[in-house]
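Trainee: Questions regarding the structure given below will be posed in turn.
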Amino acid sequence: MLLRASGVTHNRNYDLNSVTGAVQDDGGVPHGRLLVEFAEAVLGEDEGALAAARAALSKAIGPTGLADAAGVVGLFNAIDRVADATGIPLEAEKAEASADFRAALGLDRFSVAARR
Amino acid sequence: MSELYASAPIKIRADLAAAHTRAWERIGRPGNWWDGAQRVAIAAETRHAPSCALCRRRIEALSPAAIEGEHDSLGALPESVIEVVHRVRNDPGRLSERWFRGLIAAGLSEEQYVETVSIVAHVVAVDTMARGLGLDALPLPEPEPGLPSHYRPAGAKLGGAWLPWLEPAGLTEQEAGIYPAGRPAANIMKAMSLVPDEVKSFFDIVSHQYQGPLEMRDFSREYRAISHAQIELLAARVSSLNQCLY
């Protein structure tokens, strides 16, 4: 949701299909494809793919950017677990604001209600 | 405070290194419901969990409940705690309220559950970042002596989650500051508020490893070496891979 909010602020139209890995380009986000490939590699088990994704992203955004990117991937890998393990619902205002793209991207299948 | 990454081949921001140092030290100290040795054992089990054969079979199964057996564990924790650590570490997208209720019925307290989840989350945040950067995992802290405080906030009550939580109006002086001022507390902040110290510690990491509650919505400037859009793309892709709607 904050990805879309960022786009609205900067008058950019990001392709939210990037979130599901369904597009092979940057989705309107600078180095978006490299960022997605890095996130996928960090959560995956292919060490060669991770090394390649890390090197490519570092070359594109520099080591400081890479460090911040790795931090974000790590943080959300953790915060997702807090959300899933406590059964928190999406806040009403966030649910309303994201209803269209959740439906379009098929994300509602991940909801707490679907895991009762 | 930043000595944690002093020899790392890549520069880690000093504020982030300091946050990790605080989190690591705290894992070794007595918490609210586990002592220091138990907390470090939970952290160690979190790292051990990915090698569990039972978890592998469950991940491949249509339903994890259909596969019975014993976890491959380090053996230092009760079975119910090992179950929490392994499921939260290895298959979080398929946790269910029924599974949670079963653990509580089996004798694990809600407070112990929250503190366990929090320790797993701390370790996953720090270790996943290290993996992304090709760094060795940080050595776990030495446990410190002492007893858990058994502090349960008086204002905790059932809200929208599986567990009781604290609404901002229910905070006492002892829990002051766990939620940001000037904006509603998000459900993710309330999620672990049955153990307020865990909220403070985990969101200390959040603020430095991601962004603080004000920075994340301030699109007028950038606070990191990557932009808001780049940060949110990473966050959303990770949550999608983890099958986490929130």
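Trainee: Taking the residues in region B:19-63 that are among the acidic types (Asp, Glu) and without any contact (Cβ under 8 Å) to a residue 60 or more places away in the chain as candidates, determine which candidate is surrounded by the most Cβ atoms within 10 Å (Cβ to Cβ). Walk me through how you get there before you give the answer.
Mentor: To start, the set of residues in region B:19-63 that are among the acidic types (Asp, Glu) comprises B:25, B:35, B:45, B:60.
Cutting the leftovers down to without any contact (Cβ under 8 Å) to a residue 60 or more places away in the chain gives us B:45, B:60.
Working: B:GLU45: 26, B:GLU60: 9.
Among residues in region B:19-63 that are among the acidic types (Asp, Glu) and without any contact (Cβ under 8 Å) to a residue 60 or more places away in the chain, the one surrounded by the most Cβ atoms within 10 Å (Cβ to Cβ) is B:GLU45.
So that you can scan it fast, the table gives a plain yes or no per residue for (1) modelled with pLDDT under 95; (2) more than 18 Å from the chain's Cα centre (by Cα); (3) in a helix (DSSP H, G or I); (4) closer than 23 Å to B:SER73 by Cβ:
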| position | (1), (2), (3), (4) |
| --- | --- |
| B:TRP99 | no, yes, yes, yes |
| B:GLY107 | no, yes, no, yes |
| B:GLN112 | no, no, yes, yes |
| B:VAL120 | no, no, yes, yes |
| B:ALA130 | no, no, yes, yes |
| B:SER149 | no, yes, no, no |
| B:ARG152 | no, yes, no, no |
| B:ALA161 | no, no, no, no |
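Trainee: Scan A:GLY48, A:GLY32 and give me the residue that is surrounded by 15 or more Cβ atoms within 10 Å (Cβ to Cβ) and modelled with pLDDT of 75 or more. Talk me through it step by step, then tell me what you get.
Mentor: Values: A:GLY48 fails: surrounded by 15 or more Cβ atoms within 10 Å (Cβ to Cβ).
A:GLY32 is the lone residue from the list that is surrounded by 15 or more Cβ atoms within 10 Å (Cβ to Cβ) and modelled with pLDDT of 75 or more.
Trainee: I need a count of the residues in region B:188-246 that are facing chain A (nearest Cβ under 7 Å), over 18 Å from A:VAL73 (Cβ atoms) and at pLDDT 95 or above.
Mentor: Within region B:188-246, residues that are facing chain A (nearest Cβ under 7 Å), over 18 Å from A:VAL73 (Cβ atoms) and at pLDDT 95 or above number 2.
Trainee: Here are B:SER227, B:SER220, B:SER193: which of them is surrounded by 24 or more Cβ atoms within 10 Å (Cβ to Cβ), over 19 Å from B:THR128 (Cβ atoms) and of a type in the set (Ser, Thr, Tyr)? Steps first, answer last, please.
Mentor: Details: B:SER227 fails: surrounded by 24 or more Cβ atoms within 10 Å (Cβ to Cβ); B:SER220 fails: surrounded by 24 or more Cβ atoms within 10 Å (Cβ to Cβ).
None of the other options fit; the residue is B:SER193.
Trainee: Since B:ASP204 meets every condition but one in (1) charged (D, E, K, R); (2) under 22 Å from B:HIS20 (Cα atoms); (3) in contact with an Asp or Glu (Cβ under 9 Å, 6 or more places away or on another chain), which condition does it not meet?
Mentor: All conditions pass for B:ASP204, except number (3).
Trainee: Taking region B:173-188 as the region of interest, how many residues are surrounded by 11 or more Cβ atoms within 10 Å (Cβ to Cβ) and either within 14 Å of B:LEU214 (Cα to Cα) or not aliphatic (A, V, I, L, M) (or both)?
Mentor: Going residue by residue through region B:173-188, those that are surrounded by 11 or more Cβ atoms within 10 Å (Cβ to Cβ) are B:174-175, B:177-180, B:184-188.
This time we only want the ones that are either within 14 Å of B:LEU214 (Cα to Cα) or not aliphatic (A, V, I, L, M) (or both), so: B:174-175, B:177, B:179-180, B:184-187.
Residues in region B:173-188 being surrounded by 11 or more Cβ atoms within 10 Å (Cβ to Cβ) and either within 14 Å of B:LEU214 (Cα to Cα) or not aliphatic (A, V, I, L, M) (or both): 9 in total.
Trainee: Then there's this: Test B:ALA125 against the criterion of being in contact with a strand residue (DSSP E or B) (Cβ under 7 Å, 6 or more places away or on another chain), under 28 Å from B:GLU83 (Cβ atoms) and surrounded by 19 or more Cβ atoms within 10 Å (Cβ to Cβ), and give yes or no.
Mentor: no
Trainee: Here's another thing I want to ask about it. Sort out which residues of region B:163-187 are among the polar types (S, T, N, Q) and either within 14 Å of chain A (Cβ to nearest Cβ) or within 21 Å of the chain's Cα centre (by Cα) (or both), and write them in order of number.
Mentor: Going residue by residue through region B:163-187, those that are among the polar types (S, T, N, Q) are B:172, B:174, B:187.
Scanning region B:163-187 gives a single hit, B:ASN187.
Trainee: Can you tell me which residue is surrounded by the fewest Cβ atoms within 10 Å (Cβ to Cβ) among those in region B:64-81 that are assigned to a helix (DSSP H, G or I) and out of contact with any Cys (no Cβ under 9 Å at 6 or more places or on another chain)?
Mentor: Filtering region B:64-81 down to residues assigned to a helix (DSSP H, G or I) leaves B:64-66, B:79-81.
Filter once more, keeping what is out of contact with any Cys (no Cβ under 9 Å at 6 or more places or on another chain): B:65-66, B:79-81.
Working: B:ALA65: 13, B:ALA66: 9, B:GLU79: 12, B:SER80: 17, B:VAL81: 22.
Of everything passing the filter in region B:64-81, B:ALA66 is surrounded by the fewest Cβ atoms within 10 Å (Cβ to Cβ).
Trainee: Let me ask something else about it. Which count do you get for residues in region B:80-112 that are within 30 Å of B:ALA17 (Cβ to Cβ) and within 11 Å of chain A (Cβ to nearest Cβ)?
Mentor: Matching residues across region B:80-112 total 6.
Trainee: Somewhere in region B:164-172, is a residue touching an Asp or Glu at 6+ places or on another chain (Cβ under 9 Å), surrounded by 23 or more Cβ atoms within 10 Å (Cβ to Cβ) and not hydroxyl-bearing (Ser, Thr, Tyr)? So that I can check it myself, show each step before the final result.
Mentor: Residues of region B:164-172 touching an Asp or Glu at 6+ places or on another chain (Cβ under 9 Å): B:164, B:166.
Applying the additional criterion that residues be surrounded by 23 or more Cβ atoms within 10 Å (Cβ to Cβ) yields B:166.
Now narrow it down to the ones that are not hydroxyl-bearing (Ser, Thr, Tyr): B:166.
Yes, that holds for at least one residue.
Trainee: Another question, then. Would you check if B:PRO141 is surrounded by fewer than 14 Cβ atoms within 10 Å (Cβ to Cβ) and under 17 Å from the mean Cα position of the chain (by Cα)? Talk me through it step by step, then tell me what you get.
Mentor: Details: surrounded by fewer than 14 Cβ atoms within 10 Å (Cβ to Cβ): no; under 17 Å from the mean Cα position of the chain (by Cα): yes.
No.
Trainee: Something else now. If the requirement is being modelled with pLDDT of 95 or more and either touching a Leu at 6+ places or on another chain (Cβ under 6 Å) or assigned to a loop (DSSP other than H, G, I, E, B) (or both), which of these qualifies: B:VAL85, B:VAL40? Steps first, please.
Mentor: Numbers: B:VAL85 fails: either touching a Leu at 6+ places or on another chain (Cβ under 6 Å) or assigned to a loop (DSSP other than H, G, I, E, B) (or both).
None of the others qualify; the one that does is B:VAL40.
The values are calculated or read from the model by the stated rules, or taken from the named source; none is laboratory data. Just so we're clear, the structure is a prediction, and the values are computed from it rather than from any experiment. Heads up, the Cβs are rebuilt from the backbone with ideal geometry, glycines too, and the neighbour counts pull from every protein chain shown.
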